[in-house]
Amino acid sequence: MFELDKKSNLLELPEHRYQLKEVDEARMFREFYPYEEIPKIAFNNVHVPVNMPSEIWITDTTFRDGQQSRAPYTADQIVKIYKLLNRLGGPKGIIRQTEFFLYSEQDRRAALECMNLGYDFPEVTSWIRASKKDFQFVKEMGIKETGILVSCSDYHIFHKLHMKRGEAIEHYLGVVKDCIEAGVKPRCHFEDITRADIFHFVIPFARELMKLMGETGVPIKIRACDTMGYGVSYPGAMIPRSVHGIIYNLHKDADVPHALLEWHGHNDFYRAVANSTTAWLYGASAVNCSLFGIGERTGNTPLEAMVFEYAQLKGTLDGMDPTAITELAEYYEREVGEVIPPRTPFVGKNFNVTRAGIHADGLLKNEEIYNIFDTGKILNRPPRVAISNTSGLAGIAHWMNSNPALYAYKGIDKNNPLCIYLKDWVDEQYAQGRVTVITDEELEELIHVYEKITD
Ligand SMILES: CC(C)C(=O)C(=O)O
């Protein structure tokens, strides 16, 4: 286990915690991020309590972070996806908000069309340049909340903004005040929080924001952005990489209410889902996600994954309709031109396709043996078997039974002569040196041949 040397000042004395600390040079947290080496996960064995809010929900960034990493959606595509998000999130609004760019005419038209549908959820919010003019514009469009970028690591403060920490806070507070004055609720995106000085920048700044909230009576949201996907959820891991540490301290040391705390993750180290669930468990009501995880670089937390995390944690889907996930995936592949990798959980073409004969045999005897849940009922995707050299007669019979195109053969037994005919052909293929799986189309064609021979 990686341990820091004793001189490390990462363990702060409590009385120093809430004070902004000016530094002459950017603090790059080289102990964790040496750059020319793999980042390190350090442990100090500080454990914080699980404290899941009674109400948790999902917010969506498909049209913001999602669109940053791909060709823009057309307005019609946005409206179609928005409608499906509404159906997926259900009447209780488990998918509570979604955020829109408002830069181009097309962005604005799409946002207005979605608002005109009159749905309660997901609420349309915005993402704009932080200027008085743009806040006014958001207000005029009837949008009640906007995201504002408040980058919080020295990487950004020193090397992008060329400011000192105090200056950055002054600047951000000015922007937030302008937003409130324009009559729009601010959502502060704490960019790069997993490389930020939590006790000497993040907490003092969050406390200033909470003070402003007290003075104005306007709720100020804090979105903790793990911009580079460095966050970890391991017990005893050190801040600023510890997701639970960040959420716990924002709630406890800066008094940010659960309902105003949100987590935004990235998947650079394959941790986006676990980190988002951790944020819920340790006190953030909201996790920000994008459909199929489409977002900058390796992407964001996949929204569909958090639907299933929600259902598992809460023991209920709470009115969400996951069959909309299947429709969204089909729509993305058919109309949006996105290729969903076939092994992607819940949505990939093969997520519940079994290949090995022994597994297919089990699936045929009892579906539950090799299917994660009733994917037919919950996602409208019954489990399937793909045919290969290991499928066997049972696999072929299951493939026939689960193929909607072969309705006439429903209930066919593995000893039926047609199954034996197909298996002989499959065996012959592999005997001749084939290395790929057999496609549905090939087998369907062969069935037509068999029907003709036996007619
Ligand atoms: C730009 C910010 C808000 C972001 O999306 C992130 O930090 O990932």
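Ellipticity at 222 nm from helices only: DSSP H runs of n ≥ 4 in the chain, each -39500 (n - 2.57), divided by the residue count, give -11500 deg cm²/dmol.
Which pairs break 27 Å Cα to Cα here: Lys410/Lys452; Lys133/Lys252; Lys132/Lys211; Lys139/Lys252; Lys83/Lys221? If you can, show how the numbers build up before the last one.
Values: Lys410/Lys452 19 Å; Lys133/Lys252 35 Å; Lys132/Lys211 22 Å; Lys139/Lys252 32 Å; Lys83/Lys221 25 Å.
Check vs 27 Å cut-off fails for Lys133/Lys252; Lys139/Lys252.
Between the residues Val150, Leu422, Leu88, the greatest Cα displacement towards the positive end of the dipole of the chain, with unit charges on the Cβ of Lys, Arg, Asp and Glu, is found for Val150.
Which trypsin sites (Lys or Arg not before Pro) in the range 217-324 sit in a loop by DSSP (not H, G, I, E or B) and have at most 14 other Cβ atoms within 10 Å of their own Cβ? Provide the component values of the computation, followed by the final result.
On the way: sites: Lys221, Arg223, Arg241, Lys252, Arg271, Arg297, Lys314; in loops: Arg241, Arg271, Arg297.
Sparse-neighbourhood loop trypsin sites (Lys or Arg not before Pro): Arg297.
Relative to the longest principal axis of the Cα atoms of the chain, helix 165-181 runs at roughly 80 degrees.
Per residue, the convex hull spanned by the alpha carbons of the range 158-304 comes to 114 Å³.
Annotation for the range 346-455: trypsin sites (Lys or Arg not before Pro) lying in DSSP loop with at most 11 further Cβ atoms inside 10 Å of their Cβ are Lys410. One Cα centroid belongs to the range 294-318, the other to the range 265-284; the line between them spans 10 Å. I'd like the orientation of helix 392-402 relative to the chain: the angle between its Cα long axis and the longest Cα principal axis, in ° from 0 to 90, rounded to 10. Its long axis makes an angle of about 70 degrees. In order along the range 322-328, phi translates into HN-Hα couplings of x, 5, 5, 5, 4, 5, 4 Hz, rounded to whole numbers, per the Karplus curve 6.51 cos²θ - 1.76 cosθ + 1.60 with θ = phi - 60° and x for Gly and Pro. Over the C-alpha trace of the chain, radius of gyration and Dmax come out as 26.0, 88 angstrom. Semi-axes of the equivalent ellipsoid of the range 97-209 are 29, 13, 13 Å, computed as sqrt(5λ) over the eigenvalues of the C-alpha gyration tensor in descending order. Annotation: Cα Rg of the range 354-454 relative to the compact-globule expectation 2.2 N^0.38 Å equals 1.05. Loop-only check: which GluC sites (Glu not before Pro) in the range 16-52 are DSSP coil with at most 13 other Cβ within 10 angstrom? Of the GluC sites (Glu not before Pro), the ones in loops of the range 16-52 whose Cβ has at most 13 other Cβ atoms within 10 Å are Glu22, Glu25, Glu36, Glu37.
Quick one: longest stretch of the chain between exposed loop chymotrypsin sites (Phe, Trp or Tyr not before Pro), exposed meaning at most 11 other C-beta atoms within 10 Å and loop per DSSP?
Values: sites that count: Phe2, Tyr35, Tyr270.
Counting only loop sites that pass the neighbour cut-off, the longest clear stretch is 36-269.
Quick note: the coordinates plus some simple rules give every number you see, no bench work behind them. Here the structure is a predicted model, which is why all the values come from computation and not from measurement. Counting neighbours? That spans all protein chains shown, and the Cβs are built from the backbone with ideal geometry, glycine included.
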